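Read through the structure below, which is laid out as structure tokens, and then see the notes.
The values are calculated or read from the model by the stated rules, or taken from the named source; none is laboratory data. Just so it is clear, the model here is predicted, and its values are computed rather than measured. Ideal geometry is used to build each Cβ from the backbone, glycine not excepted, and the neighbour counts take in all protein chains shown.
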Ligand SMILES: Cc1cc2nc3c(=O)[nH]c(=O)nc-3n(C[C@H](O)[C@H](O)[C@H](O)COP(=O)(O)OP(=O)(O)OC[C@H]3O[C@@H](n4cnc5c(N)ncnc54)[C@H](O)[C@@H]3O)c2cc1C
């Protein structure tokens, strides 16, 4: 019988999953809550651009069109590119728009059995052999619901949307006492550029946060309101936000996106030789970090505005906690259109916000929380079973346990104990698009019988090993499951599982020093059944 596979979400991860499943002869159903494909790129602040060079944010087999010449295209161009990919590979006819998956429930496998199995899904195969199926409850735009029975579910629901992260306040100190309006950056993005511009025009705006959305919204406020109505940014953690992809004449890719740069860090499961090499080379990581910091200190007036971070550039890079500054950002600070207020704490009052150590409030009409999303809770909410809710995203002290999707998931996509399910797009990488695509390829190969998973015990050990390394390099931010320190290593493991060579370049030195990007994975010779 044809296997019933569903993909939840039609952002880059869901589209890549759909494409690679089709390549392997499956006919997946993609449920997408929104009315178009593209995920986060459907709704971003009008000024949002790609934060990296376009050739590092592309599907391996679908180069950007020649008409796009900008190194960092804007949000419309990124969305057009993603939607052209969907059209080029005829993916849209598999997507059911306006159908939101409200819940998934595993039927036919006892919870005790799941907790005690030695092999994934009982057999180590993708579909198991014990008759378990997923009941996928889909909610339609008209409010009706339907339950679909699936043999395998792939969650591609994204981490940076849906469920906002809003800080909590003690009673009487939160948004409830403020006379103005309080929204999240997600609401701002969703309202569209015209309505968003009307909302902020002529208003006193406070933005909480200092990463991508916060910076973009602040730039839009500065453009519209100028120094007459300055926008205030309240910054709890100062960030190494960058102003260029070329550092002292060296392209960023040569510092961070090649095999040599990954030798500076220990990798999960590495052998003795690599471990010794990483220990020996690790001082170089410190030197490169200082090299970048010196450039940023010289070219961005962070010191003048009290915005020098307390952590190293490498720490920021390895946890993915940095952004590209909008054009002329500090020019607007200089003009007084943006006021920066570093502060560890603040509370609301009727007029606005009072930051720790000050007595006078910052007056406001509108406060925008650009404080991120609760991706792990969104993942938990998909499950009916409290056991699976607890299992899937781990506890607050662990990362999400995935194998090869081992972002506490084995291979960063498979939870060792949750059968017939994978998650794509949960780990963060410097190359999110190709990492999602490689995970999708790996998964399609696995579903097609290309290889078997190791025992559950072995995958759990692997998850622990990855978690140890994420904690080592991302510090307190390890739950972001960022694999920047070893993303090439991760792609190597996927290649090996799929039976193709991880070395994608010709020649020892090219492989060591030339940056690795999506184009290197365009032609993989994958294992067939
Ligand atoms: C403002 C912004 C800028 C960014 N810029 C960059 C960048 O420059 N470079 C970079 O590498 N990364 C960037 N990112 C990270 C970005 O999230 C990833 O690059 C990538 O787009 C994530 O794709 P995804 O498919 O995994 O998730 P998403 O894009 O979030 O897609 C998830 C999809 O699933 C759907 N969905 C969710 N829940 C359900 C459900 N229950 N039922 C049905 N459908 C559902 C959603 O509607 C959505 O379409 C940015 C993120 C944001 C928010």
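Worth pointing out:
- Output for region 17-42, where each listed residue is assigned to a loop (DSSP other than H, G, I, E, B), farther than 30 Å from residue 327 by Cα and within 8 Å of the ligand (Cβ to nearest atom): 33, 34
- For region 267-277, a residue qualifies if it is surrounded by fewer than 19 Cβ atoms within 10 Å (Cβ to Cβ) and either on the phi < 0 side of the Ramachandran plot or in a helix (DSSP H, G or I) (or both), and the qualifying residues are 270, 271, 272, 273, 274, 275, 276, 277.
- The residues in region 204-243 that are in contact with a helix residue (DSSP H, G or I) (Cβ under 7 Å, 6 or more places away or on another chain) and in a loop (DSSP other than H, G, I, E, B) can be counted, and the count is 4.
- Qualifying residue in region 43-55 (condition: within 16 Å of the ligand (Cβ to nearest atom), in a helix (DSSP H, G or I) and over 19 Å from residue 153 (Cα atoms)): yes
- Subset of region 365-388 [closer than 18 Å to residue 133 by Cα and in a helix (DSSP H, G or I)]: 386, 387, 388
- Scanning region 17-35 for residues that are more than 17 Å from residue 154 (Cα to Cα), crowded, with 16+ Cβ neighbours inside 10 Å and assigned by TED's automatic domain parsing to the domain that holds residue 420 turns up at least one hit.
- Within region 360-389, residues that are free of Cβ contacts under 8 Å to residues at least 40 places away in the same chain and not assigned by TED's automatic domain parsing to the domain that holds residue 183 sit with their Cβ atoms under 8 Å from residues that are in a helix (DSSP H, G or I) and crowded, with 20+ Cβ neighbours inside 10 Å, at 6+ positions apart or across chains, in these pairs: 380/392.
- Residue 86 vs. criteria within 14 Å of the ligand (Cβ to nearest atom) and surrounded by 21 or more Cβ atoms within 10 Å (Cβ to Cβ): yes
- So residue 128, is it on the phi > 0 side of the Ramachandran plot, within 16 Å of the ligand (Cβ to nearest atom), modelled with pLDDT under 95 and in contact with a helix residue (DSSP H, G or I) (Cβ under 7 Å, 6 or more places away or on another chain): no
- For residue 413, the conditions (1) in a strand (DSSP E or B); (2) at pLDDT below 85 are fulfilled apart from (2).
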